[in-house]
Amino acid sequence: WDRCQVLSVKGLKMTVGQEQQVGMKDKPVLEDLEKHLARRETEALFQEQPETGNQYLEDTLLQSYLKTHLPPKVLEEVHRDLERFGNRLLTKIQPLSWECEQNPPVFQQYDAWGQRVDRIHTCSAWRRMKEISAEEGLIAEAYEKRFSNWSRLYQAVKLYLFSSSSGGFSCPLAMTDGAAKVIESLGIPGSLKNAFDRLTSRDPKKFWTSGQWMTERRGGSDVANGTETVARKQPDGTYRLYGFKWFTSAADSDMALTLARIADAEGQCTQGSRGLSLFFLRVRDEEGNLNSIQVHRLKDKLGTRQMATAELWLQGARAELISAEGRGVAAISNMLNITRIHNVIGAVASMRRMVSLSRDYARKRVAFGKLLKDHPLHMQTIARMEVQVRGAFLLLMEIVRLLGLAETNLASEQEQLLLRLLIPVAKLYTGKQASAVAVEAMESFGGQGYMEDTGLPVILRDALVLSIWEGTTNILSLDVLRSLAKSQGQVMAVFLSTVQKKLELASGTEELSPAVQRTREAIGSLRQFMAAAGSEQALTMELAARDFSYSLARIYTGRATTAITEPWNGLGALLMEHAARPDASPTDVCAALRWCNQELCPVAVESGRGSYGGGAALQDSALVFGNS
């Protein structure tokens, strides 16, 4: 090796004196060394791994949103904490995330001596994620209300940054937040104060996570007809639960909220939603023994493999009734709102992660003689994904802003109605967006995107569940219709008037005039559809529910790009509004224009094609079953 000191890109070079000293016996050695060096240099030309830095500091949209909306003193403290958190995510938490993926939970049903133990073993990284969640106040922040109505938004931002590095721990946090919200809405009764304090604790030793045991064998979203679990009252006032829970995510949680039907003295139960009541239960006692619960098996899932999802037998589990009898569905409405918002957070975070990695890869990967970033078609593809991420992010921020106002009694009646509508709209729309962006972004890595050890397939698999969790797209589309019907049209009136106000503000900005015009046309089409649908049968609106919900999402998100020439006035704002800030960047304007270039009112287009009326339902059935 001492003879070979001067290297070049092509291999091995020597000085003249050294070359003369090389004998015939050294030539095979040098040839082998030259091959080794050539091979090593080839290996050095392998594709570079895409990387991201501090997620907060690299997210210019997030920073500009916070700068625009948060009060200066709040912004100063929040900015400092988020920068610190971003560094912790990069250096400490992200490695734990991969460890969670590599070491999924394992179910041990029996010990070595044949005794049934039903233990779910999770890895140390998963348990560390729980501690980190407490230390960072990922649940506590929303309930301490340090920043008044901005506390919920701040919590959502931290969860958004944490989500893609959480190793799946965002799911138990969603249910934990939902459980805390239910208990808070009940006035934190004395019997639940300990549970509430633990759910919202910053102390890792005290912090609890909660399960949400609603799904049974006969149904998912149809809890009214699918719930078979029976609750039998005991002499001490507690209840014993008997039934089978088909999906219990984060089965290693400390407690759970669950629905059951209370049996009367004759053992009869009221059917339908009026027979459902809400119960609180501890999963294990102080000694760590299961609360008369048997773990049947862990689910073999496509994604979210880091988290234990189990089938459970409740065989007399001790529980406490926490809702009014027969009012269980009403009691969980607050929980569903929170968990659906968490679903939106996960969707937006997933999209941001994939686009950030795609962007970094485009700066490093050379194909056909130049970097991917210098191929216009490739950059167009990433730009289209970026527009989707921006719209989804601003829709998320709008929802948590409104929720923060509602939780501090600062929301007007109109804002509360708007929140009720936007939660299902955002959940269903971003769930679909996340899957589409994940698939598109995976393609931007070529074959590497399909390789398990890159971690990219994990993001795709985990994103696919976001259109299923907390209600599928169709279930939530029908929920949107229910919100309209229950408010007797008030929700829609508030939606349209809010959009119209923003368009009036935007109309003074010349650069945004094409987006304003397209949004106005979309609103007009939406009004025409609603006027025509009002005289149709309920079936027509049901067939239109999905396209109708998509239209609401696109129009509302597009209006977020409207122009603002006056201070923040507390109304909602998304892409156009963000683009009209005095310090808005050309990127903000471009995103607004690009968003509004898509079809903003698909329900009107499909209605014009006859997709909802005139026997469309029968035609759909014929298409589906015609060959069966």
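Heavy-atom accessible surface of the range 241-312, averaged per residue, reaches 42 Å², computed with a 1.4 Å probe. Determine the share of the chain's accessible area contributed by carbon and sulfur atoms, expressed in whole percent, with a 1.4 angstrom probe. That fraction is 52 percent.
Here the spin labels are modelled as points 7 Å beyond Cα on the Cα-Cβ line, and at residue 228 and residue 527 they lie 5.2 nm apart. Straightening the chain between residue 285 and residue 618 buys 114.4 nm, computed as 0.36 nm per residue apart minus the Cα-Cα spacing. Each Lys or Arg adds one and each Asp or Glu subtracts one; over the other residues with Cβ under 12 Å from the Cβ of residue 200, this totals 0.
Put a plus charge on the Cβ of each Lys and Arg, a minus charge on the Cβ of each Asp and Glu, and nothing anywhere else: the dipole of the chain about its Cα centre is then about 140 debye. Just report the Cα centroid separation between the range 310-347 and the range 191-211, whole Å. Comparing the Cα centres of the range 310-347 and the range 191-211, I get a distance of 16 Å. Here's the picture: a label point sits 7 Å out from the Cα of residue 270 along the beta-carbon direction, and within the range 308-351 the residues with their amide nitrogen under 14 Å of it are 323-331. Only one residue of 201, 544, 324 has its Cα farthest out toward the positive end of the dipole of the chain, where Lys and Arg carry +1 and Asp and Glu -1 on Cβ, and that residue is 324. With protein chains left intact and a 1.4 Å probe, residues in the range 491-627 average 46 Å² of accessible area per residue.
Report summary: the helix-based calculation at 222 nm, which adds -39500 (n - 2.57) for every DSSP H run with n ≥ 4 and divides by the residues of the chain, gives -17500 deg cm²/dmol. Label-to-label distance for residue 374 and residue 315 is 6.9 nm, based on points extended 7 Å past Cα in the beta-carbon direction. Name the residue from 267, 283, 256 whose Cα lies farthest towards the positive end of the charge dipole of the range 243-292, charges +1 on Cβ of Lys and Arg and -1 on Cβ of Asp and Glu. The one lying farthest along the dipole's positive direction is 267.
The modelled label-to-label distance for the pair residue 598/residue 49, using points 7 Å beyond Cα in the direction of Cβ, is 3.2 nm. Relative contact order for the range 491-627: 30 percent, from Cα pairs under 8 Å spaced at least 6 residues apart, divided by residue count.
Only the Cβ atoms of Lys and Arg (+1) and of Asp and Glu (-1) were treated as charged; on that basis the dipole of the range 491-627 about its Cα centre amounts to roughly 60 debye. Taking chymotrypsin sites (Phe, Trp or Tyr not before Pro) in DSSP loop states with no more than 13 other Cβ atoms inside 10 Å as exposed sites, the chain has its longest site-free stretch at 114-367. Compute the angle between helix 124-135 and the longest alpha-carbon principal axis of the chain, please, reported from 0 to 90 degrees and rounded to the nearest 10. Computed tilt is about 60 degrees. About the centre of its Cα atoms, the range 183-338 shows a dipole size close to 280 debye [charges on the beta carbon of Lys, Arg (+1) and Asp, Glu (-1) only; nearest 20 debye]. Excluding ligands, DNA and RNA, the accessible surface per residue across the range 324-399 is 36 Å² with a 1.4 Å probe. For a quick check of understanding: with a 1.4 angstrom probe and all protein chains in place, what accessible area in square angstrom does residue 79 have, to the nearest ten? Only protein atoms counted, so the area is about 70 Å². One chain, two ends: residue 87 and residue 145. Fully extended at 0.36 nm per residue, the span grows by 18.4 nm beyond their Cα-Cα distance.
The values are calculated or read from the model by the stated rules, or taken from the named source; none is laboratory data. Keep in mind that this is a model prediction, so the values were computed, not measured. Neighbour counts are summed over all protein chains in view; Cβ atoms, including those assigned to glycine, are modelled from backbone coordinates with ideal geometry. Just so you know, the surface numbers come from the protein's heavy atoms only, side chains and all, with ligands and any DNA or RNA stripped out. Shrake-Rupley method; radii C 1.70, N 1.55, O 1.52, S 1.80 Å.
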